[in-house]
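Q: Mind having a look at this structure? Questions to follow.
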């Protein structure tokens, strides 16, 4: 909502410099998004006439314009706009002018042609939002007249306010003025014009039937006669322009002016056109639409309605407009219009909101009705309308058609003084609260009429539909008291803060990855259709119902596509061999129906240019960091991973993920030309399993003995099996066991390899004798040879 | 009759000083002090002397022997030191040649901000809660006091997913639904923050992404006031940005809080930066979370996490956070 300081001052004598007023508006909850000074910096801008238009010999996007400033001389200007014609009056910034944005106008050459000034768009001179073309001035002013004079521009300040959805009252200049007056402690009053009433009574000329009183809480209509359609007075047009509306003609402009000023959207019907539509005379009928009913709206579009939409129909029950959203083309006022029926209604916010969304049609009117307009402002708004249009010859007919339906209940709200103070941390008295509320129209009296009561009964004004309960009034007390005036205290938490075990572990996971030299990445969790399949995964991602683009239409079921895209992106910038990891959520359709999809947090690691060995090292580093013992790597060939270089990670027999390499076919599909070591772990599953206990093992003070054993082992037998067999046979005496060499080739037979282990034996309570070491060595050899296709190498 | 020991000492001193290495010194040691040395031979002669003469000669021999030992020992110390120095010199390295830049990995700049915020709030006595990124309509809107079709829902461009009834399941548009989940999970007191990933139907540009991060806060206890909220927000600001930062609250609107406020901090140039939305938890929201608003009161706040990351490092384009370019990631 934009407001002009001069307009605000018509309702209240607000004081202070513009910046200070802006701060007060922000502090009232009407945040100033932009403050613009109007009418400043226009010295040197004058009215000029276009004499000739010629193409620039050397540039397509600039033309040469000869203009006349009144001396009959042709002055050449280079101009980037093409919307003007010979004879048009345009604003010219003459040489030496400083524009509102600080730019100085000097004579300069543009592609070899002199420009002796600048023609201005309305935006460039701060008079509107239009920057597509040069501002065209209507006929009238003499050439050379300062623009400020020609346009009757008075210095002013424009505030662009952010109005929250709970403040429909502030979608009007008067509403903003009311808040500001309350803050400044100055009186506020609405206009109360009493234009003369002449002619036949409106009630005899227009019939109104409200069929649906829920849809339409109030329908007020009056009649104006003697209208001569024409342009609006300059001051009014200037105000509309400043607030972002384009002046059309005097009736449309007054309609918009009243809406902006008082917040009451309104609609004008050509009364004769309306009467001509039906044998029974001019009539308006308010009802719900029939499914499939059509109406052509003012913007020339034929709209198909549904039974939830409200319409206004003529005497023959043919729709002539969509209730609260947009009027119809058939009764639109035109140049020949002399009498109008003026409608000011209150529509059910929910109905307008639903229709407006369904139709995809937003208007200034619907924006106000769906937030909740003031059902009681119509009377004054009608008179204001007539007053403003009187200059155009319009007269107000006596009589008002006023049909009331259902509007929200406005019973007093009980407000407990103690409760207000308890919630705000203030120490306001009952009467102080009442005093804060009165200037914004909240009438607060001691509860149940008892002056000794500690509490208040508050009647909420009709223009504040958002306020209906005690907490709403608490907010108003806080707002008018000033948020900054409430003393700041820090509650001492009555609980112990901290991270959960899972959150601690997740930090350890990240720290471990970083320690291993991996960079954390954060691809978006959206995928394009086919991304999962290209990564060798089932297409079981959750789909987005209303994606903006197809590339963001599937939610990832695995972190794999995102990491592969990351590696491919970096490789395309000649960044190869990157090791990256991600911790993030994946989403899957649950196996059996449940309220929400299956969502879990995963860890994935992609090692560009490294093989499965690198990935296994990352896993074992992670297992060590988390103290996750007793895991097994079981050869596996899940789709999308390298079929002979992948293992399933099992912890206590539960599968928690896979480690190995990405399938070369998948890498090709993603355009990656190097091997990619891969690890993906369901972090929630892994961290739910026993880990991190770190029980203490006493360090033995007795000497240890080392032996080396090398076995020739069948390729089908995993090293982990030999390791497990050795550990089992060595029992409690085993202090350490490591695989220190793997050897293939002669003299080891094809299909077999040599695995060499070092075993360290140690007892907690004695020095082992040579005989004991020999005995356990023999047991180890016997166990491996006896249970596996393995033989000790000599 | 003793040999000319003075002369012997002088000769020996010269020879020892000329010994070039430890091997030469070792040979000299044997020659001067061994079985065939002048002093050992002379000692054998002592027995043939008269007692008086023998006593003087014996003393003289001992002195000479001690002096010879001293000469050899001192020379050995010098030679050993030289040899160690030579070995060390031979090991000389150019360390700048060895500095090839050991790389560690890097936590994502969003993670770093996330954890920094967690640490501050944990220090203030808060726990950290999380919730699902795909939410139901009730937790994201209904329980947060958004009536169906209410214009306030337009403040969020919601992405829905195909799951259950149409419109029933969505990508959470804010972290606020976790407030409800925390209230559902147990009785107050609640002092919790809820960082997480949120979604909007937005086209990516320098300041918008369809996915980004927020951090939510919720305090529910007996007697919590608006003043407590103001104080908590201010304490956080000072902890995160520095003691010199000041803040203000101004009225705003969120369906799930009342009174509601925007929380601004003052920039160096004196202008205000809108940082967070906050407010007293609306009684309807407490009720949706199963709590009696006459017993419990509280406040909630929420703000964008990514923007704090951008601000800290002077990053000017939100998209960089999600592009995953190594040249970006490795800077932090």
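Q: Please report, largest first and rounded to whole Å, the three semi-axes of the ellipsoid equivalent to region A:654-764, where each semi-axis is the square root of five times an eigenvalue of the C-alpha gyration tensor.
A: So the equivalent ellipsoid measures 33, 25, 11 Å along its semi-axes.
Q: In Å and whole numbers, how far do the C-alpha atoms of region A:636-680 stretch along each principal axis, longest first?
A: Extents along the principal axes, in whole Å: 37, 14, 13.
Q: Percent of Cα-Cα pairs per 5 Å bin, from 0 to the last occupied bin, for region A:344-497, please list those.
A: Binned Cα distances yield the sequence 2, 8, 13, 13, 13, 12, 12, 10, 8, 5, 2, 1, 1, 0, 0, 0.
Q: Rounding to the nearest 10 and keeping the result within 0 to 90°, find how far the Cα-based axis of helix A:719-730 lies from the longest principal axis of chain A.
A: Roughly 50 degrees between the two axes.
Q: Summarise the partner chain shielding of B:124-133 as one whole number: the mean count of Cβ atoms from other chains within 10 Å of each residue's Cβ.
A: Mean shielding by partner chains, rounded to a whole number: 6.
Q: Output the relative contact order of chain A, whole-number percent, from Cα pairs under 8 angstrom with separation of 6+ residues.
A: After rounding, I find 8 percent.
Q: Could you compute how fast region A:468-524 diffuses translationally, taking Rh as the Kirkwood radius over C-alpha pairs and applying Stokes-Einstein at 25 °C with viscosity 0.890 mPa s? Give it in µm² per second.
A: So the translational diffusion coefficient is about 147 µm²/s.
Q: Taking the alpha-carbon centroid of each part, what is the distance from region A:514-567 to region A:9-37 in angstrom?
A: Region A:514-567 and region A:9-37 have Cα centres spaced 49 Å from each other.
Q: Rounded to whole Å and sorted largest first, what semi-axes of the equivalent ellipsoid does the C-alpha gyration tensor of region B:2-91 yield via the square root of 5 times each eigenvalue?
A: Each semi-axis is √(5λ); the values are 33, 10, 10 Å.
Q: Further question on the same structure: Could you state the orientation-averaged shadow area of the convex hull built on the Cα atoms of region A:464-570, in nm² to one decimal?
A: Computing the convex hull of the Cα atoms and averaging its projections yields 14.5 nm².
Q: If you don't mind, there's one more thing I want to ask. Could you state, as a whole-number percent, how many of the C-alpha pairs of region A:591-673 are farther apart than 18 Å?
A: Summing the P(r) of region A:591-673 above 18 Å gives 50 percent of all pairs.
Q: Please report, to one decimal in angstroms, the Kirkwood hydrodynamic radius of region A:267-391 built from all distinct Cα-Cα pairs.
A: 15.0 Å
Q: If you average the sequence gap of Cα pairs under 8 Å that are 6 or more apart and divide by the length of region B:2-91, what percent do you get for the contact order?
A: So the answer I get is 36 percent.
Q: Write down the radius of gyration of region A:1-142 and its Dmax, each obtained from C-alpha positions, in Å.
A: Radius of gyration, then largest Cα-Cα span, for region A:1-142: 18.6, 57 Å.
Q: Here is a follow-up. Would you mind checking the tilt of helix A:173-184 against the longest principal axis of the Cα atoms of chain A, expressed as 0 to 90 degrees and rounded to 10?
A: Roughly 80 degrees between the two axes.
Q: Tell me, what is a quarter of the convex hull surface for the C-alpha atoms of the protein assembly as shown, in nm² with one decimal?
A: The directionally averaged projection comes out at 76.2 nm².
Q: Semi-axes of region A:124-234's equivalent ellipsoid from the Cα gyration tensor, sqrt of 5 times each eigenvalue, largest first, rounded to whole Å?
A: 35, 27, 17
Q: Treating the angle as unsigned and between 0 and 90°, give the value, to the nearest 10°, between the Cα long axis of helix A:378-389 and the longest Cα principal axis of chain A.
A: Once rounded, the angle reads 60 degrees.
Q: Another one. Over chain B, what is the mean sequence separation of C-alpha contacts under 8 Å (at least six apart), divided by residue count, expressed as relative contact order in percent?
A: Normalised by residue count, the contact order of chain B is 15 percent.
Q: How far is the Cα center of region A:754-768 from the Cα center of region A:294-310, in Å?
A: So the separation of the two Cα centres works out to 89 Å.
Q: Listed highest first by mean packing, meaning other Cβ atoms within 10 Å per residue, what order do A:783-789, A:325-331 come in?
A: A:325-331, A:783-789
Q: Given region B:109-329, report the % of alpha carbon pairs whose separation exceeds 23 Å.
A: 47 percent
Q: Can you put B:330, A:339 in order, fewest other beta carbons within 10 Å first?
A: In increasing order of surrounding Cβ atoms, one gets B:330, A:339.
Q: Take chain B, connect every pair of alpha-carbon atoms lying under 10 Å apart with a spring to form a Gaussian network, then pick out the residue of B:202, B:268, B:221 with the largest mean-square fluctuation.
A: Taking springs between Cα atoms under 10 Å, the residue moving most is B:268.
Q: Highest mean first, what order results for B:12-21, A:455-464 on Cβ atoms within 10 Å?
A: A:455-464, B:12-21
Q: Sorted by average packing, counted as other Cβ atoms within 10 angstrom per residue and highest first, what order do A:184-192, B:183-191 take?
A: Going from most to least packed, we get B:183-191, A:184-192.
Q: Could you give the distance between the Cα centres of region B:225-297 and region A:434-464, to the whole Å?
A: What the calculation gives is 27 Å, centre to centre.
Q: Considering every residue in B:102-113, what mean count of other chain Cβ atoms within 10 Å of its Cβ is obtained?
A: Across the residues of B:102-113, the mean count of other-chain Cβ atoms within 10 Å is 5.
Each value in this text was obtained by applying a stated rule to the coordinates, not by laboratory testing. This one's a predicted model, so the numbers in the text were calculated from it and none came from an experiment. We place every Cβ from the backbone using ideal geometry, glycine too, and count neighbours over all the protein chains shown.
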